[in-house]
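Colleague: Below you will find the structure I want to go over with you.
Nothing in this text is a laboratory measurement; each read-out follows from the coordinates by a stated rule. Being a predicted model, the structure only gives us computed values, none of them experimental. FYI the Cβ positions are ideal-geometry reconstructions off the backbone, even for glycines, and counts take in every protein chain you see.
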Amino acid sequence: MRNGAFDSPMRNLRNDLQNVARDAEALLRATADVANDRVQEARARAEKTVKQAFDHLYDRRLRRRMRRYVRRTDDYVRDHSWGVIGAVAGVALLVGLLMRRD
């Protein structure tokens with residue numbers, strides 16, 4: 001249930017939020033030439049809200065993606081620890097040799 005049943009509703013919600021934000025942006029563009037002060041104030045608040053919503057949406061998505069990469073890397077290092085140690089030792093040896101040449 002961790003990913004299967006919960007993932008689809010969250011994806012649908014994310015898609016719906018993106019659609020609402022796109023529609024709000026279209027509405028803001030359509031009312032750009034209206035000079036009424038109240039309309040301009042509402043536009044400014046809506047622009048700010050849409051920008052914050054997109055920032056939060058993509059920030060959370062980026063954090064989730066980074067956590068996934070960190071978990072995969074951690075799993076790989078734990079499963080192949082001697083190979084990783086050998087690779088790091090080899091890179092350190094190469095860097096040491098290159099620095100010694102100067």
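Colleague: Report which label in (i) 2, 10, 10, 12, 10, 9, 8, 8, 7, 7, 6, 5, 4, 2, 0; (ii) 2, 12, 19, 20, 13, 9, 6, 5, 5, 5, 2, 0; (iii) 2, 9, 5, 7, 5, 5, 6, 5, 5, 4, 4, 4, 4, 4, 4, 3, 3, 3, 3, 2, 2, 2, 2, 2, 1, 1, 1, 1, 0, 0, 0 holds the value of P(r) over Cα pairs in 5 Å bins from 0, in percent derived from the coordinates of this structure.
Modeller: Only one listed value fits the structure, namely (i).
Colleague: Okay, moving on. First measure r as the distance between the Cβ atoms of LEU28 and ASP74, then evaluate 1/(1 + (r/R0)^6) with R0 = 41 Å and state the FRET efficiency to the nearest 0.05. Kindly include the intermediate steps, with their values, before the conclusion.
Modeller: Working: r = 43 Å, r/R0 = 1.05.
So the FRET efficiency works out to roughly 0.40.
Colleague: Say the dipole of segment 4-101 comes from +1 at the beta carbon of Lys and Arg and -1 at that of Asp and Glu; which of LEU57, TYR69, GLY83 then lies farthest toward its positive end?
Modeller: Among LEU57, TYR69, GLY83, the one farthest towards the positive end of the dipole of segment 4-101 is GLY83.
Colleague: Measure off 7 Å from each Cα along the Cα-to-Cβ vector at ARG67 and LEU98, then give the distance between these two points in nanometres to one decimal.
Modeller: With each label point 7 Å from Cα toward Cβ, the separation is 3.6 nm.
Colleague: Once every DSSP H run of n ≥ 4 in the chain is given -39500 (n - 2.57) and the sum is divided by its residues, what mean residue ellipticity at 222 nm do you get, rounded to the nearest 500 deg cm²/dmol? Provide the component values of the computation, followed by the final result.
Modeller: Details: 3 runs with 91 residues, N = 102.
Helix-only estimate at 222 nm: -32500 deg cm²/dmol.
Colleague: Any chance you could give the angle, 0 to 90 degrees and rounded to 10, that helix 4-30 forms with the longest Cα principal axis of the chain?
Modeller: Tilt relative to the chain: about 50 degrees.
Colleague: What do you get for the angle between helix 81-101 and the principal long axis of the chain? Use alpha-carbon atoms, 0 to 90 degrees, nearest ten.
Modeller: 80 degrees
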